[in-house]
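These notes concern the structure reproduced below.
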Amino acid sequence: MDTPKCVIFDGHSLMFRAFYALPPMTTIDGLHTNAIHGFLNMVFKCLKDESPTHVAVAFDLKGPTFRSDKFSDYKANRKPTPHELLEQVDNIKSLLLSMDIPVVASEGYEGDDVIGTIASIAKNNSIDVVIVTGDRDALQLVDNGIEVALTKRGISNIERYDVKRIEEEYGIEPKALIEVKGLMGDSSDNIPGVPGVGEKTALKLIGQFGTIENMYEKMDELKASKIKDKLVEFKEQALVSKWLGTIKCDIDLDITADKLLFSLPTPNSIKDAFDKFELKTAYRNMLSMANSINDNDVNDQNYATADCIDITDIDELKNVIDLVKKEEKIAITLWPNITISVNDKLFYRVAETHTLLEPGIDHKIMFELLGSVLSDESIKKIVFDYKTMDHSLNKQGVTIKGCIIDLMIASYLLEPTRTINDIKTLSQMFIDEDREDAAVLHTIKNIAMPKIDRDGMKSLYFDVEMPLACVLKDMEEYGFCVDVELLKQLKEKFDATLSDITEKVYVLADQKFNINSPKQLGEVLFDKLGLKYVKKTKTGYSTDIESLEAIVEDHEIIPLIIEYRKVHKLNSTYVIGLMRAADKSTNRVHTNFKQTVTATGRISSIEPNLQNIPIRTDMGRELRKAFITGDSDYLLVGADYSQIELRVLAHISNDSVLIDSFNKGEDIHTRTASEVFDVSLEEVTEKMRSSAKAVNFGIVYGVSDFGLARNIGISRKEAKEYIERYFARYTGVSKYMEEVVEQGKNDKFVTTIFGRRRYIPELASSNYNVRSFGKRIALNTPIQGSAADIIKIAMINVSDSLRNNGLRAKLILQVHDELILECPKNEVDLASKILKDSMENVVKLNVPLTVDVKCGESWYETK
């Protein structure tokens, strides 16, 4: 019969190691879980490797111990446990208890003492012991029948120590390690030891004398030396250090060997606990160890890997298509393979013919059959990234119609700060699997959609995000025409400007160098010209824009460098970039609108980025002249919201002063200046208005007095006074800011007017800077997110109204608060009215939404 074995886990040691080894992780509800994941990974690995008959997990308890009572400096240098980890301690314990694993602690003692005592109880009952810890102090417990499994390098590497290994590695028996620690001390625990005695000296002394007490009895055997003098001087300290470092193995615990007996839990007993923390892999690992996986367990969890049938024959594909029509639902992937499924248990992988020799289905016939179901509005489609998929299918003459479930958008609503670019990442997020088949889309849909409903985002998903995807797809396909000849002229102009600036820089520097090289520029500015640098990086002096602006008045070369960079970026990123991006036959650029990137819900634009065309400089505004209509009989119609985020703030905060100002049609910045500086509207100066404008927009983004002072060039004291005066007058805003941050702390998320959630675990951080960042997110997200939702709904309404009125006008661009139409001249009046009405009446707020509409032959003329 095999000898019984007890595995004792050092709870706090493993928990800390897991926390720092893994990146931050949270559940969809914002619960931190990285320590939980790592801890359970180690526990399950050891349970699997060791197959123990007995198990226990030892923990420290908060509060003083018998060691700190006697030696107040003991562990006094330890930093407080991070809040993100502290939150997980009780959750780890509850998970262990759900698995019937004893959690053992004792008031006034440390986890090490609990471990030592349990190990002693097990050994006295002829049970072998394995102690799993990251703390080398436990090596003193190694004995015949007691080994230590030391975790090293993250959470996956474990090294075993038995008596033989310790004797070979240290040259002494395990229990003598206590003596070594007494002499050398331990800075991590604030155990002083004897100054000047390191590990090498301590091992030599204990190897010679066996114990500290014996060493002091035979001090005459030591030759005179500085070390001997230190040993004599710090004798009491050495003895106290030994006492502090000695693990007690006889504390009073209400534990017997029988209470440590362990058997793997049943699936049902742990399911709810593991589901709460989204521990899908851990759940499967436990089931696997228990040999408990069966079809019912797997199906219940939706974690099963579906069966795959390869389709290489046209008749087989027709049968699958018939099944899809019968079930009236299809999940489909195009990448990396074309797969089809009608449930989560089976998927069909479709192989098309690329050569005459390989089996497969003719490309044209395959897409004709797929098109017959994808264009059938009665059949529900489950996909990932509908917009990109539809672009690809359109090239094959296929269009997706009807009810579409896009799981990329669903995952974005549930976790807006997480980037999900492909099905494999989606699968990892929801079921912790690396799958890319159609059947997994069914599985994920069954998990994601109920969560969206639970979180109150069903309308946001079906009425906003999914219709918007269709609008964005049409905008991408239509594109925005650019005047390539004008771009060429701008390139020549910018090239000449860059050449002129370059020559002036060379004269001032008295040498030629690569202005685009931060290293060479830094050497010229700070080594040769002797300017005072702001900061250094690993590679040399910092020459970023902030550093240059800080010394802009120190030398006439600096303004030239700043101007060079601005022109160079305009030329390379925009002028040359747009020329390359323009379709050779139509001169249209087709941007890619990203719907699932920003955490606030805003749409972004890439390849090329049309939302970042600069407008604050004359040169930047020149670029907008290059965006034109594709037909001389057309005009561009542009409309943008007036101060939409401040209007949303007025609505959300219900601030009476803001609401009154907007309802009266006042200039909000002039009104704010009047309130903050306590003057009449007529007495407000342009400087006052400018400062008030900075305060207004700063409030939206949670600006600090430091940030406001930097933004408008005043002292921090003045900025603080501005903000205090603002809140004294706008009491509704002040109350809102307090309440929304408190709501974020309590709920762990904030929402927009339309129910869009953003989880903010940063609010619970122990780090001040992280917590402050979380506060800014809590303040800004409901405002910026609601504004983003409003313009999204407006885009849908504009697109629908243009189509319903039979107009040829097209929505072609969205830039944050601005929409652009390309419109036949004879439709301009009606299209302008539709644009204005759709944007202004998209939602009923406590203040009016106002829109300015302009038209012209170029984008420049619509502003």
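Descriptive notes on the structure:
- For the condition over 23 Å from R67 (Cα atoms) and assigned to a loop (DSSP other than H, G, I, E, B), G196 qualifies.
One line per residue, one yes/no per condition, for (1) of a type in the set (S, T, N, Q); (2) in a loop (DSSP other than H, G, I, E, B); (3) more than 30 Å from D474 (Cβ to Cβ):
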| residue | (1), (2), (3) |
| --- | --- |
| F513 | no, yes, yes |
| Q520 | yes, no, yes |
| F526 | no, no, yes |
| G530 | no, yes, yes |
| Y533 | no, yes, yes |
| L548 | no, no, yes |
| I558 | no, no, yes |
| I561 | no, no, yes |
| G577 | no, no, no |
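- L31 surrounded by fewer than 23 Cβ atoms within 10 Å (Cβ to Cβ), in contact (Cβ under 8 Å) with a residue 60 or more places away in the chain and within 31 Å of the chain's Cα centre (by Cα): yes
- Residues within segment 209-218 that are assigned to a helix (DSSP H, G or I), under 22 Å from D186 (Cβ atoms) and either open to solvent by 30 Å² or more (accessible area, probe 1.4 Å) or touching a His at 6+ places or on another chain (Cβ under 9 Å) (or both), tallied: 3
- Within this structure, N91 fails the test of being of a type in the set (S, T, N, Q), in contact (Cβ under 8 Å) with a residue 60 or more places away in the chain, out of contact with any helix residue (DSSP H, G or I) (no Cβ under 7 Å at 6 or more places or on another chain) and surrounded by fewer than 21 Cβ atoms within 10 Å (Cβ to Cβ).
- One residue from E233, E221 being modelled with pLDDT of 90 or more and open to solvent by 50 Å² or more (accessible area, probe 1.4 Å): E233
- Qualifying residues in segment 571-580 (those that are under 31 Å from the mean Cα position of the chain (by Cα) and touching a residue at least 24 places away in the same chain (Cβ under 8 Å)) - the one surrounded by the fewest Cβ atoms within 10 Å (Cβ to Cβ): G577
- For A119, the conditions (1) buried (at least 20 other Cβ atoms within 10 Å of the Cβ); (2) assigned to a loop (DSSP other than H, G, I, E, B); (3) touching a Leu at 6+ places or on another chain (Cβ under 7 Å) all hold with the exception of (2).
- Test: residue in segment 723-746 that is part of a helix (DSSP H, G or I), among the hydroxyl-bearing types (S, T, Y) and open to solvent by 60 Å² or more (accessible area, probe 1.4 Å): yes
- Taking segment 273-349 as the region of interest, the helices (runs of 4 or more DSSP H) fully inside it that hold 2 or more residues being modelled with pLDDT of 95 or more and either closer than 22 Å to L393 by Cβ or open to solvent by 60 Å² or more (accessible area, probe 1.4 Å) (or both) are 314-327.
For every residue, the table says whether it meets (1) part of a loop (DSSP other than H, G, I, E, B); (2) open to solvent by 40 Å² or more (accessible area, probe 1.4 Å); (3) at pLDDT below 85.
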site	(1), (2), (3)
C6	no, no, no
F9	no, no, no
F16	no, yes, no
V43	no, no, no
C46	no, no, no
P52	yes, no, no
V55	no, no, no
D60	yes, yes, no
N77	yes, yes, yes
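- Some residue of segment 179-192 being in contact (Cβ under 8 Å) with a residue 24 or more places away in the chain, basic (K, R) and under 30 Å from L222 (Cα atoms): yes
- Filter result for D406 (more than 38 Å from the chain's Cα centre (by Cα) and more than 18 Å from D322 (Cα to Cα)): no
- Close Cβ contacts (under 8 Å, 6 or more residues apart or on different chains) running from residues in segment 196-215 that are under 18 Å from D137 (Cβ atoms) and touching a residue at least 24 places away in the same chain (Cβ under 8 Å) to residues that are exposed (fewer than 15 other Cβ atoms within 10 Å of the Cβ) and not aromatic (F, W, Y) comprise L203/G171; I212/L239.
- Which numbered condition S690 misses (of (1) buried (at least 17 other Cβ atoms within 10 Å of the Cβ); (2) over 22 Å from R771 (Cα atoms); (3) among the hydroxyl-bearing types (S, T, Y)): (1)
- Where K181 falls short, out of the listed (1) surrounded by fewer than 21 Cβ atoms within 10 Å (Cβ to Cβ); (2) farther than 25 Å from Y20 by Cα; (3) among the basic types (K, R): (1)
- Taking segment 790-863 as the region of interest, the strands (runs of 3 or more DSSP E) fully inside it that hold 2 or more residues being out of contact with any helix residue (DSSP H, G or I) (no Cβ under 7 Å at 6 or more places or on another chain), at pLDDT 95 or above and open to solvent by less than 10 Å² (accessible area, probe 1.4 Å) are 818-824.
- Considering each residue of segment 350-358 in turn, at least one proves to be over 15 Å from A469 (Cβ atoms), open to solvent by 10 Å² or more (accessible area, probe 1.4 Å) and among the hydroxyl-bearing types (S, T, Y).
- Among the residues making up segment 96-106, a single one is more than 14 Å from A58 (Cα to Cα) and open to solvent by less than 10 Å² (accessible area, probe 1.4 Å): M99.
- Count of segment 708-718 residues which are closer than 24 Å to T781 by Cβ and either in a loop (DSSP other than H, G, I, E, B) or open to solvent by less than 10 Å² (accessible area, probe 1.4 Å) (or both): 1
The values are calculated or read from the model by the stated rules, or taken from the named source; none is laboratory data. Since we're looking at a predicted model, the values are computed, not measured. Cβ atoms come from the backbone with ideal geometry, glycine included; neighbour counts cover every protein chain shown. Just so you know, the surface numbers come from the protein's heavy atoms only, side chains and all, with ligands and any DNA or RNA stripped out. Shrake-Rupley method; radii C 1.70, N 1.55, O 1.52, S 1.80 Å.
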